[in-house]
Amino acid sequence: MTTGHVDSLIARVRGRARTARAAAVTPWAFLGGAAAFAALRLSSVPSPTAALYGVGAALLLVAVATSVWGLFRPLTAVRVARLVDQRLGQMDRFATVVELGAAEGRVIAALRQDAAARAASISPTDAVPLRWSRPAVVGLVAALGVALAAQQLAAPPAGSTAAAAPEPITVDRVLELAEVAEAAAEKREDEHMAAVAAALAELAEEAASRNENEVTDLARLGELVSTLERLMSPLGSTATRSARADAGQSDPGALSEAMAALEQRLERIATQVFGMDTELDPETFWLEGDRIRQGEIMGDAPDLSRPAGASGSEAPAGMENAQAVASEEAPQDLSSGFIVGASSDSSVGDSSMAGQGAQDLFGDETVGASIWPFEAIGVSGEDDDEGRRVNVELAPEASETQGAEGTFALADWLPSSRPLSPAGELPFRYRSVAGGYFLPSQETANR
Amino acid sequence: MSSERRDHVTEANDDLQALESDLRSLQRAREAITEVVVGQDETVEQLLVCMLSGGHALIEGAPGLGKTLLVRTIADVLGLEYSRVQFTPDLMPADVTGTLALVYEDGKPVTRFQPGPIFAQLVLADEINRSTPKTQAALLEAMQEHTVTVAGTAHRMMEPFLVLATQNPFEMDGTYALPEAQIDRFFFKVTVEHPSEETLVQILDLTTGAEARPARRVLEAADLVRLQRLVREVPMASHVKLAIARFVRSTLPTETGSNQDVRRYVRFGVSPRGAQALALAAKARALLAGRYNASLDDVRAALLPALRHRLQLNYQGTAEGISVDAMLRELFEAQARTVAT
């Protein structure tokens, strides 16, 4: 009988102890992960999908790492021997033998022999039984239940976008978008859009220079796409905007969707043959009935702000039949429209345009700015004691070319307390459009 | 296998067999003692541990609990030369150690050393606290040095030399309490408790019959000396030593971070001699139990007899009736937990 039996026992118990450690730690780690997942899922974290999967993956990694750590953490022979001594009531016999090493002596020899005889009859499973921590397992089951319930509660409605794996955004695709944007910018003579198109091309070329087939800087790409969207329409496409809001700037799926929509719209602009290239002077446009009219209004402009004898929220002149006209004339693409506002009074009112005056609102760029065909898809107005506010909803990339006089269709009458999009947030070209439909009140005109 | 190696293996096997034989003898001795002294198993174990460690014991208990019988039986079973000294206030040191006597040899008067009763292998110093400090000191010197010096000549004691002193904890009138420094020289302080009902019936059967059961000799004095040497070969794991060291430090009221009770009630903590006694007693207990290594359980078992007379309470502790045994147990368990895996 030699110490080989003791060494063998120590080795077997060590392996068993590591497994037991991992088994003990694992439920706790997964319990933490499941609890965190459920908490995140139930909380109102913005862009939940990306955040959840990110945090879930991190927690899973931590769980696995913790288990692996438990499996491979150093366990010295003395430590294992003491474990055996304690668990099996061996009165520190094995710890002493392991510590003594090759020491000699009558009593030590007897001790070694005694320990070896005992080691031969000891099973590692007796020394280290595999036990799952009951509180951890119960907690894990509960947390998993909550996580599953949370997943069901927070799941998107049936029929929504399938969670297919998003395709990577290739360099070619970005270059294609850049080319289309450049063409549209040229058509619109929009130097901002041209700059964005150049930035897109540069981003794609950077990726290509690294011999990459995909654009990996999704944050930057997202910014450029977002800018492009904003240039196309201050409120952007409702669908893509909401998708982007859900997925975040760098979600490839949402980005790809936004790029496809943008490309389509930019292509329409790039290939459009404009029938009008008119510079509109905000001071010379007015609304007559459902049409935009141009002429000298300053000084002797008709009072369009309020019909004679009208009061309260009564529709302004020319807008009484807005609903009827809208339903008759044009199905409107509300998703691609945007709303600009016009204040009824330059000195009073709570509109962000109010008090700033036309010059401040439209800026110097108004002068000489060109306007492309547009279509108004909605007009709203509001009367109060201080004047009247008219909000016009436009679809600048509407396919139908309008006449020089700027015909537009009227849609729902939607009372609004303020312009839906502050002029300060609009690109200057849109401001010029806004300026084109700015309807000064009679008081303003008189002043 | 070469003949040299074969011889080596044979020698090792012989050693192991001799060792096992010694341990079996020890077990038999223990059984032989408990056959005569019934109901005192723990006391018997403690005294055997003390004697295996080569230490002296102070036995404390009320009169009539069989202390003298116990010591006498141990001497008989272990084959030790026994003597008894009844300590009284008028007992002189020379009455214990011996003296120079004037004798005539060939018609000429010469002085010869007449050994006192201390010259035995097992000395029962009965009611040691009844003699004067001077006589106590004479005994304690012999206990410590294993020599007696008379008229400038040192006389070596017999081996083994073991003193089992008794004292009555109740009758304190006319006694001379042993000073702390001298109490510290006793390896163990063993308390003898009153027997239980069953034990008492056994005692009545054994002692009031026609014949008292005689003690049978199991060991010789030489065996005990050999076993005493063997005790010191018993290994002790490092964590057990660490537990002892930490525990002993924790009994010191001056130690930073010591227990609040220790700071409040303890006058003197356990000395290094106390730590040595504890470790040695643990080794002896392991051997007595047929094991070859000292464990934490052995230390735990030896804790009270080895240290209860070494931890001195202050006036406040004594006045408040603090139990030294309870304090020792609490402090040791606290330190034993710190060395757990």
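Brief remarks follow.
- Considering only B:Pro305, B:Pro160, B:Pro109, the Gaussian network model of chain B with Cα springs below 10 Å gives its largest mean-square fluctuation to B:Pro109.
- Computed from the C-beta positions of A:Arg73 and A:Ala39, the FRET efficiency with R₀ = 41 Å rounds to 0.90.
- Rounded to the nearest whole Hz, the Karplus-based 3J(HN,Hα) values (6.51 cos²θ - 1.76 cosθ + 1.60, θ = phi - 60°) of the range B:118-135 follow the sequence 5, 7, 8, 8, 10, 10, 9, 9, 7, 6, 4, 7, 8, 8, 6, x, 5, 5, with x at glycine and proline.
- Neighbour cut-off at most 15 other Cβ (10 Å), DSSP loop, trypsin sites (Lys or Arg not before Pro), the range B:127-221: B:Arg216, B:Arg217
- Over the range A:178-238, accessible surface divided per residue gives 48 Å², non-protein components excluded, 1.4 Å probe.
- Within straight-line cross-link reach of B:Lys241, lysines at Cα separation under 19 Å, skipping those fewer than 8 residues along the same chain: B:Lys283
- Buried surface for the B/A pair, taken as the accessible area of each chain alone minus that of the pair with a 1.4 Å probe, is close to 1900 Å² in total.
- Applied to the range B:13-28, the Karplus parametrisation 6.51 cos²θ - 1.76 cosθ + 1.60 on θ = phi - 60° returns per-residue 3J(HN,Hα) values of 5, 4, 4, 5, 5, 5, 5, 4, 5, 4, 5, 5, 4, 4, 4, 5 Hz, with x for Gly and Pro.
- Gained length - B:Thr88 relative to B:Ser196, 0.36 nm times residue gap less alpha-carbon distance: 35.8 nm
- Interchain or long-range residues, amide H under 5 Å from B:Val85's placed H: B:Leu124, B:Ala125, B:Asp126
- Distance-filtered residues of the range B:159-190 - backbone nitrogen under 15 Å, label point 7 angstrom along B:Thr132 Cα→Cβ: B:175-177
- Its relative contact order, with pairs defined as Cα atoms under 8 Å and 6+ residues apart, puts the range B:87-138 at 49 percent.
- Solvent-accessible area, 1.4 Å probe, carbon plus sulfur percent, for the range A:164-232: 45
- Paramagnetic label zone (point 7 Å from Cα along Cα-to-C-beta, A:Leu130; backbone N under 19 Å) in the range A:59-102: A:64-73
- Neighbourhood net charge (14 Å Cβ-Cβ; Lys/Arg +1, Asp/Glu -1) for B:Pro214: +1
- Charged neighbours of A:Thr125, selected by a Cβ distance under 10 Å, balance to +1 (K, R count +1; D, E count -1).
- Length added when fully stretched, B:Ala222-B:Leu100, from 0.36 nm per residue minus Cα-Cα: 41.0 nm
- Straightening the chain between A:Glu191 and A:Val137 buys 13.2 nm, computed as 0.36 nm per residue apart minus the Cα-Cα spacing.
- Measuring heavy-atom accessible area with a 1.4 angstrom probe and counting protein chains only, the residues of the range A:92-134 that give up at least 30 Å² relative to the chain alone are A:Asp92, A:Arg93, A:Thr96, A:Glu99, A:Arg106, A:Val107, A:Ala110, A:Leu111, A:Gln113.
- Summarising the amide proton neighbourhood of B:Thr149: residues at separation of 5 or more, or on other chains, whose placed amide H is nearer than 5 Å comprise B:His155.
- Amide H contacts of B:Gly98 (H built 1.01 Å from N, in plane; Pro and chain starts excluded): B:Gly116 sit under 5 Å, all sequence-distant by 5 or more or on other chains.
- Pairwise label distance in nanometres, B:Thr10 with A:Glu176, each label 7 Å out on the Cα-Cβ vector: 9.7
- In sequence order, calculated HN-Hα J values of the range A:199-213 (Karplus, 6.51, -1.76, 1.60; Hz; x Gly/Pro): 5, 5, 4, 5, 4, 5, 5, 4, 5, 5, 5, 8, 6, 9, 8
- Residue (of B:Ile74, B:Leu102, B:Val85) at the positive-pole extreme of the range B:74-155, dipole from beta-carbon charges: B:Leu102
- The residues of the range B:13-39 occluded by other protein chains by 20 Å² or more of accessible area, set against the chain on its own, are B:Asp15, B:Leu16, B:Leu19; surface from heavy atoms, 1.4 Å probe.
- Summarising the label geometry, the points placed 7 Å from Cα in the beta-carbon direction at A:Ala57 and B:Arg213 lie 8.1 nm from one another.
- Distance between the 7 Å Cα→Cβ label points at B:Ala62 and B:Ile183: 2.1 nm.
- For the range A:62-144, the dipole from Cβ point charges (+1 on Lys and Arg, -1 on Asp and Glu) about the Cα centre works out to 180 debye, to the nearest 20.
- Burial of 10 Å² or greater, the range B:215-247 residues [accessible area, probe 1.4 Å, versus chain by itself]: B:Arg226, B:Leu230, B:Glu233, B:Pro235, B:Ala237, B:Ser238, B:His239
The values are calculated or read from the model by the stated rules, or taken from the named source; none is laboratory data. Every value quoted in this text rests on a predicted model; they were computed, and no experiment measured them. As a convention, Cβ positions derive from the backbone with ideal geometry for all residues, glycine included, and neighbour counts pool all protein chains shown. Ligands, DNA and RNA are excluded from the accessible area calculation, which covers all protein heavy atoms including side chains. Shrake-Rupley method; radii C 1.70, N 1.55, O 1.52, S 1.80 Å.
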